[in-house]
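Take a look at the structure set out below.
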Amino acid sequence: MLIETEAVGLCGSDIHAINGHVGYEWMPERVTLGHEAVGRIVRTGANVDSACIGNRVVPMAIDGCLECETCLSGAPQLCLERDCLGLSFDGALAQYFVLDADRVFVIDNSLRASVAALIEPAAVAAHAVGQLAENLRGRRVVVSGPGAVGILSCLFAAAAGADVELVCPEAGPQTRREFAEHLGIKTIYGHHGLAAGPPVDAWIEASGAEAAFSGAVESLRRGGTLVVVALFARAPSFDVNQMVRGELRLYGTYGYTRADYSTAHELLVGWQDRLEPMVSTYHLTDVDAAISATEQASVIKAVVVPGGATKTITGSTKDDLSH
């Protein structure tokens, strides 16, 4: 499918890729970034029903081969052949991008583009909360990192009945913390700011900060659960002995499934007006400023908008659209 980009969000993965951090050595050179996208189908390739032209979609950015045992078990994000739009191959930070037809999720036309660009990170958050795999009602859950994934994780955990607290850094811009509080999320500064009360049952680490990771290990109750959704610029150090003696459960969480996209879509449709202020919009010609704001955490979510089409796509709707 050829998709005209309406909006594309930037995230920590893009910053890691730009800076060549550990774990991104596999990326091809000169790849076009952009995986948190929303757009409209303008042309289809061979063997794709052209009736879908005009549909608004978001890409399943991370996906597997869809044929192996792992994919067929419902975990394509763990496939050994998985790839990612905007990291493995050219992404959506452009006026148009190309994607296989089985990797799109059709969205409600009522969703504004800037909010629809949040579906991918919202799906990441939904998947992370789902990794807790337990009844969260009445449980004390801490989330570290007031970025988009952290804030959205708080909303999903609260919707499941958890008592949620969001750990924010003391230094730097406070825009993210203020927005979280506007949504009704309780915020604290650092894990040392945790108030007395019930033990911390679960922790979702969404900051990529070494101090937050080690703080989670220190703060969890014995038998508690730590879910790590953030990627780190370098490997964090923490007290392994404390984790062992406390019999803590440590889970990594990566990507999402189509079911997580449905969960994310439902949240954004219902919370559109409240979540739209999370987004700061930049034009494609000002992408350097969007990257800088993302790296400095001066905005919650930078979303780049390419703007209107400069030319009309003509010709057969069945042209070859191979990568």
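The values are calculated or read from the model by the stated rules, or taken from the named source; none is laboratory data. Everything numeric in this text was worked out from a predicted model, so none of it was measured. Neighbour counts are summed over all protein chains in view; Cβ atoms, including those assigned to glycine, are modelled from backbone coordinates with ideal geometry. Protein only, heavy atoms only, side chains kept; ligands, DNA and RNA dropped before computing areas. Shrake-Rupley method; radii C 1.70, N 1.55, O 1.52, S 1.80 Å.
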Exercise for the section: Springs between alpha-carbon atoms under 10 Å, Gaussian network over the chain: tell me which of ALA113, ALA160, ALA125 tops the mean-square fluctuations. Expected result: ALA160
Practice task
Kindly identify the range 90-135 as rounded, prolate or oblate by the Cα gyration tensor criterion: order the square roots of the eigenvalues as a ≥ b ≥ c, call it rounded if a/c is under 1.5, otherwise compare a/b with b/c, prolate if a/b is larger, else oblate.
Solution key: prolate
Problem - Solvent-accessible area per residue, Å², over the chain with all protein chains present [probe radius 1.4 Å] - result: 45
Practice task
Averaging sequence separations of C-alpha pairs under 8 Å and six or more residues apart, then dividing by the length of the range 170-254, give the relative contact order as a whole percent.
Solution key: 26
Handout entry: Accessible area (Å², 1.4 Å probe, nearest 10) - THR175
Key = 60
Practice task
Keeping the other protein chains in place, figure out the carbon and sulfur percent of the accessible area of the chain, with a 1.4 Å probe.
Solution key: 50
Practice task
Kindly provide log₁₀ I(q)/I(0) values, in the same order as q = 0.14, 0.20 Å⁻¹, from the Debye equation applied to equal alpha-carbon scatterers of the range 129-238.
Solution key: -0.48, -1.02
Exercise for the section: Please work out how much length the chain gains when fully extended from GLU276 to ILE18, using 0.36 nm per residue of separation minus the C-alpha to C-alpha distance, in nm with one decimal. Expected result: 90.2 nm
Practice task
Please check which bits of the range 10-40 a label hung off LEU284 would reach, taking the label as a point 7 Å along Cα-to-C-beta and the cut-off as backbone N under 17 Å.
Solution key: 10, 31-40
Handout entry: Whether the chain is rounded, prolate or oblate, judged on the alpha carbon gyration tensor where a/c under 1.5 counts as rounded
Key = prolate
Fill in the blank from the handout: Between GLU295 and LYS186, the FRET efficiency computed from the C-beta separation at R0 = 30 Å comes out, to the nearest 0.05, as 0.65
Problem - Cα gyration tensor, the range 54-209 - rounded (a/c under 1.5), prolate or oblate - result: prolate
Practice task
Would you work out the relative contact order for the range 22-62, in percent, from Cα pairs under 8 angstrom that are 6 or more residues apart?
Solution key: 40
Handout entry: Amide H partners (placed H, <5 Å) of PHE89, local residues excluded
Key = CYS84
Completion exercise
Here the relative contact order (percent) of the chain, from C-alpha pairs under 8 Å and at least 6 apart, is 23
Completion exercise
Amide H contacts under 5 Å for ILE107, restricted to residues at least 5 apart in sequence or on another chain and with H modeled in the peptide plane, are ARG56, VAL57, VAL58
Fill in the blank from the handout: Among the DSSP H helices of the chain, those whose Cα atoms extend at least 20 Å along the helix axis and whose mean Kyte-Doolittle hydropathy is -1.0 or higher are 258-275
Problem - Sequence ranges 235-243, 208-216, 116-124, 68-76, ranked by mean other-Cβ count within 10 angstrom, highest first - result: 116-124, 208-216, 68-76, 235-243
Problem - C-alpha center-to-center spacing [the range 1-62, the range 141-159] in angstrom - result: 25
